[in-house]
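The block underneath contains the structure these notes are about, expressed in structure tokens.
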Amino acid sequence: MKRNVTLLVGLNFLLFGCTGPAYESDSVHLIRVAQKARNSSNPEAALNFYKRAKELDPDNGQIYLGISEAYTDMKLLDAATEYLKMAENYGASEDKICYLRGKIYLLSGRLDLAEKEFSKFETADSLNAMGAIYDNKRQHEKAQKFYKQVIAKEPSYIDAYNNLGLSLLLQNKFKEAIFYLENACSFPDANRNYRSNLALAYGLSGNMRKAREVYAKDYEDEGLEERMANLEDILADRQRQ
């Protein structure tokens, strides 16, 4: 069975700007904790913290934006759209609203509408997302230009390195792909999703020893052998094409 390389779109926001002197510190703390939960791929916990922050600061558009982001992470797009409208009504940042609206369109397969939203602001998030759109259109060189713009703008933007590596991998440019995926994995907040992409790149390049070495950082015993077997299947599929 043919397997496709998955492109990861970056979603990381830092949410600040709470108002109201009586409860500001508590709501800001909850927002920070919620963002950490999102960064740890735990949107359910993030949603809980954002909703607690909303009880303290019900007029803060950034909180509604965070709730929308959490629902987007959970692929609950109707709820995400509802809270995004509330975030807009309560004055959340326009560039973040456009980015998240574009992400919702992207997840629902409406690429043209997503591109329209992402193109409104040249933020790192939007440029990274534009790259993902063009990779989905198989216009990889154009996509790679967007990822490189992100890296030039924000050298610590991990998802741009990851997506650039995957884009190059789709063109079988293994050496370059591994270079950028290694960069992604060098960041302190790199998780096993990034490392799995690097292991895939090593495997596709024919270096199964390095692929196993990378997978072994997150998996052991049966889990490790299962991933190596999947990688062998991918290689076999490619050889039959």
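Lys142 satisfies every condition listed in (1) more than 23 Å from Asn191 (Cβ to Cβ); (2) in contact (Cβ under 8 Å) with a residue 40 or more places away in the chain except (2).
Considering the range 147-158 alone, what residues qualify as being touching a residue at least 12 places away in the same chain (Cβ under 8 Å) and part of a loop (DSSP other than H, G, I, E, B)? Within the range 147-158, Glu154, Ser156, Tyr157 meet the criteria.
Listed here are the residues, each with its yes/no results for (1) without any contact (Cβ under 8 Å) to a residue 40 or more places away in the chain; (2) farther than 23 Å from Tyr134 by Cα; (3) surrounded by 13 or more Cβ atoms within 10 Å (Cβ to Cβ).
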residue: Leu181; (1), (2), (3): yes, no, yes
residue: Asn193; (1), (2), (3): no, no, yes
residue: Leu200; (1), (2), (3): no, no, yes
residue: Arg209; (1), (2), (3): yes, yes, no
residue: Asp221; (1), (2), (3): yes, yes, no
residue: Leu231; (1), (2), (3): yes, yes, yes
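Set side by side, the residues Glu226, Glu141, Glu154 differ, and just one is farther than 30 Å from Lys96 by Cα and at pLDDT 95 or above, which is Glu226. With respect to the conditions (1) at pLDDT 95 or above; (2) within 18 Å of the chain's Cα centre (by Cα); (3) not aliphatic (A, V, I, L, M), Lys120 lacks only one, and its number is (2). Across the range 93-112, the qualifying residues are those that are in contact with a Phe, Trp or Tyr (Cβ under 7 Å, 6 or more places away or on another chain) and surrounded by fewer than 21 Cβ atoms within 10 Å (Cβ to Cβ), and the one among them that is farthest from Ala79 (Cα to Cα) is Asp95.
The values are calculated or read from the model by the stated rules, or taken from the named source; none is laboratory data. Here the structure is a predicted model, which is why all the values come from computation and not from measurement. Here Cβ is always computed from backbone atoms with ideal geometry, including for glycine, and neighbour counts include all displayed protein chains.
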